[in-house]
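Input: a single structure, listed below in structure tokens.
The values are calculated or read from the model by the stated rules, or taken from the named source; none is laboratory data. Just so it is clear, the structure is predicted and the values come from calculations on it, not from any experiment. Here the Cβ positions follow ideal geometry from the backbone for every residue, glycine too, while neighbour counts run over all protein chains shown.
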């Protein structure tokens, strides 16, 4: 049986930056903004140092 390869999306720095700004500035949940942009809402695009 062939294994399905998982598609890896590579987003430009500009797309990441604008997406994060949109998510932070929006009144809707971040997960909804991610879905609207076609981004997996369960995989963060940026890492927040903790």
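Residues in region 7-19 that are at pLDDT below 90, in a helix (DSSP H, G or I) and out of contact with any helix residue (DSSP H, G or I) (no Cβ under 9 Å at 6 or more places or on another chain): 13, 16, 17. Residue 44 fulfils the conditions (1) within 13 Å of the chain's Cα centre (by Cα); (2) at negative phi; (3) modelled with pLDDT of 85 or more except for a single criterion, (3).
Filtering 27, 2 for residues that are out of contact with any helix residue (DSSP H, G or I) (no Cβ under 8 Å at 6 or more places or on another chain) and at pLDDT 85 or above leaves a single hit, 27.
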